[in-house]
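Each remark here refers to the structure printed beneath this line.
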Amino acid sequence: MSGTLYRDVLMDHMKHPRFSGKVEPADLRAAVNNPLCGDELELTIALDGPLIREARTLARGCSVCVASASLMGEAIQGRSLEESSRLSQMFREAMASGTLPDPPPEFLPPLMQIRQHKSRVKCAALAWNALDECLHHAAFPDEEKR
Amino acid sequence: MSVPTEAVRAEFPILQRAIHGHPLAYLDNASTTQKPKAVIEAFTEFWSRSNANIHRGVYQLSEEASDAYEQARSRVACFLNAPEASQVIFTRGTTESINLAAYAWARPRLQPDDRILLTEMEHHSNQVPWQVVAQERGAQLDYVPILDSGVLDLEVLQTLLCRRPKLLAVTAISNVLGTINPLPEIIALAHKHEVPVLVDAAQAVGRFPLDVRALGCDFLAFSGHKVYGPTGIGALYVQADRLAEMQPWQGGGGMISRVSRERSTWAEAPAKFEAGTPPVAEAVGLNAALDFVERWGIAEIQQHERDLTDLALGLLVEEPGVTLFGPSSTDQRSGLISFALEGVHPHDVAQILDESGIAVRAGHHCAQVLHERLQVPATVRMSFGIYNTDEEVRRTQQALAQVREVFA
């Protein structure tokens, strides 16, 4: 029952991705790709102090990649960088362990569906890899300017 | 003559498997083929009866293992119509074979501003090794473009050959487009310009006649696992003059003649290029695989795959939203078809097909330069083997309707 429901959520995000596109000008930017399949994704973030004022992703990828980026986009709007980092960690731990934190953040249960197909977890991870890269740039701004 | 599919299928235990409640339709043969009982049993037999390290033992088992390994080499030489078994070097597969040619032959010869000629349709395994040695030596790469029809532009090939590259490295059959390249014509052109030719035969072996003497190629690389044999074994055929020019690439046991503290002298080819304990059981398995394909007949296998390709092309061309890549005629293409389905990412197509037990590959198929040229990030690829059936092709077409439904 809930499996179908979450699949519907994923399909909805795939067909109508939220926060898609680019933020201009952006304070943080990361372009990542999946070398195994060629999928590409760019995340741009505009900050308001320590808060994410706006984050958008431009994904050229499969349904899982696009849906995960969309769910992530919803989850991090208006959050602090620190909170976003925690969400990313939650995503990774849940994907690795198969267990949801209690209570689970809204974005996570639909993404758990993807664990049934191990080869697709990396598709879901692409957006979160971009987020981690942006967070890294924020933490080490000098490194970014290299 | 066609292949008696039912009898062939009975030789492949894995085809008994059900996937998600459906019979397995394995349509990823361009990636790797399934293994017949004869190959599985050759492995078991070798491990059970003859396993030992080769060449350095004087005991019975080692002699048996050495014989089996060298018999496999002779079998490959015979299969390719190579003049001498010593011109066949065993490797881990096509990739290692091409790396061997790149490191042992090209690397010591390349000078700054020398050129290597590739094509836009090469698999990464016939592109990246050349990039690596070219970068190190300051050499340049040129690419023969493809025409929109999916065949090589032979006019540009002529022009690029005039730049006198040190080598032309070209695939026999594109792993994405299925294009069968006109090797005799290409090799004759290259040789007219005194350019040696390496043929990547990964997609051709076992489904297309390969005769290195008739082709006149300088190098030919293939993998065992794409010809119903084991993984971890492949070969590089080298023409005699090129073989004499090759320098050792990996040092170690088996490849030496005499070793002192300061320097060593080398064994004769092929041992010179096979440092360390080789994949003996895998070579035995490859021998059995070549027996298997010759028992059913390369021409028959080729015809069988061609019939399936004709059927699939005919069905897919009618499918809404399908874009087909590669030559439209089966005269110029082998048994694989890459396509895109409008509005659905290839991964998603492959996932839904998997739910019906159909195994196809989705992605860039290790040919990113080609996908750039085709202006698509990825494609879905179905590729046929000796055991595939019309029914599997039709099932795939029906499953595509489900894909459209899900992603409508």
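The values are calculated or read from the model by the stated rules, or taken from the named source; none is laboratory data. Keep in mind it's a predicted model, so treat the numbers as computed, not measured. Here the Cβ positions follow ideal geometry from the backbone for every residue, glycine too, while neighbour counts run over all protein chains shown.
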| Right, A:SER68: polar (S, T, N, Q) and away from every other protein chain (no Cβ under 14 Å) or not? | no
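For every residue, the table says whether it meets (1) assigned to a helix (DSSP H, G or I); (2) more than 28 Å from B:SER338 (Cβ to Cβ); (3) touching a Lys or Arg at 6+ places or on another chain (Cβ under 9 Å).
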{"site": "B:ARG258", "(1), (2), (3)": "no, yes, no"}
{"site": "B:GLU262", "(1), (2), (3)": "no, yes, no"}
{"site": "B:LEU290", "(1), (2), (3)": "yes, no, yes"}
{"site": "B:GLU294", "(1), (2), (3)": "yes, yes, no"}
{"site": "B:GLN302", "(1), (2), (3)": "yes, no, yes"}
{"site": "B:LEU308", "(1), (2), (3)": "yes, no, no"}
| request: Could you tell me whether any residue of region A:112-122 is outside any helix (DSSP H, G or I), small (Gly, Ala, Ser) and over 17 Å from A:GLY73 (Cβ atoms)? | output: no
| field | From A:ALA124, A:ALA130, A:ALA138, A:ALA94, residue being within 14 Å of chain B (Cβ to nearest Cβ) and surrounded by 17 or more Cβ atoms within 10 Å (Cβ to Cβ) | value | A:ALA124
| Total residues in region B:251-276, condition surrounded by 16 or more Cβ atoms within 10 Å (Cβ to Cβ) and of a type outside the set (D, E, K, R) | 9
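One line per residue, one yes/no per condition, for (1) touching an Asp or Glu at 6+ places or on another chain (Cβ under 8 Å); (2) buried (at least 18 other Cβ atoms within 10 Å of the Cβ); (3) within 14 Å of chain B (Cβ to nearest Cβ):
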position: A:ASP12; (1), (2), (3): no, no, yes
position: A:HIS16; (1), (2), (3): no, no, yes
position: A:VAL23; (1), (2), (3): yes, yes, no
position: A:PRO35; (1), (2), (3): no, no, yes
position: A:ASP48; (1), (2), (3): no, no, no
position: A:ARG53; (1), (2), (3): no, no, no
position: A:LEU58; (1), (2), (3): yes, no, yes
| From B:VAL205, B:VAL238, residue being modelled with pLDDT of 95 or more, out of contact with any Ser or Thr (no Cβ under 8 Å at 6 or more places or on another chain) and within 30 Å of B:PRO36 (Cα to Cα) | B:VAL238
| task | Kindly indicate whether any position in region A:78-89 is surrounded by 20 or more Cβ atoms within 10 Å (Cβ to Cβ) and within 14 Å of chain B (Cβ to nearest Cβ). | result | no
| B:GLN375, sole failed condition from (1) closer than 27 Å to B:PRO23 by Cα; (2) free of Cβ contacts under 8 Å to residues at least 24 places away in the same chain | (1)
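Could we say that B:GLU70 is surrounded by fewer than 21 Cβ atoms within 10 Å (Cβ to Cβ), of a type outside the set (A, V, I, L, M, F, W, C) and farther than 13 Å from B:ALA240 by Cα here? Quick ask: steps written out before the conclusion?
On the way: surrounded by fewer than 21 Cβ atoms within 10 Å (Cβ to Cβ): yes; of a type outside the set (A, V, I, L, M, F, W, C): yes; farther than 13 Å from B:ALA240 by Cα: yes.
It is true that B:GLU70 is surrounded by fewer than 21 Cβ atoms within 10 Å (Cβ to Cβ), of a type outside the set (A, V, I, L, M, F, W, C) and farther than 13 Å from B:ALA240 by Cα.
Looking only at helices (runs of 4 or more DSSP H) that lie completely in region B:331-408, which have at least 3 residues being over 21 Å from A:CYS123 (Cα atoms), more than 14 Å from chain A (Cβ to nearest Cβ) and not charged (D, E, K, R)?
On the way: elements: B:346-355, B:368-374, B:390-406.
Answer list for region B:331-408: B:390-406.
From the list A:ALA59, A:ALA46, pick out the single residue that is assigned to a strand (DSSP E or B) and at pLDDT below 95. Walk me through how you get there before you give the answer.
Details: A:ALA46 fails: at pLDDT below 95.
Just a single option satisfies the conditions, and that option is A:ALA59.
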| said: Quick check on region B:55-67. Is at least one of its residues β-branched (Val, Ile, Thr) and touching a residue at least 40 places away in the same chain (Cβ under 8 Å)? | reply: no
| query | Going by the structure shown, is B:PRO129 over 30 Å from B:PHE339 (Cα atoms) and touching a helix residue (DSSP H, G or I) at 6+ places or on another chain (Cβ under 7 Å)? | reply | no
| task | For B:VAL39, indicate whether it is modelled with pLDDT under 95 and more than 26 Å from B:SER338 (Cα to Cα). | result | no
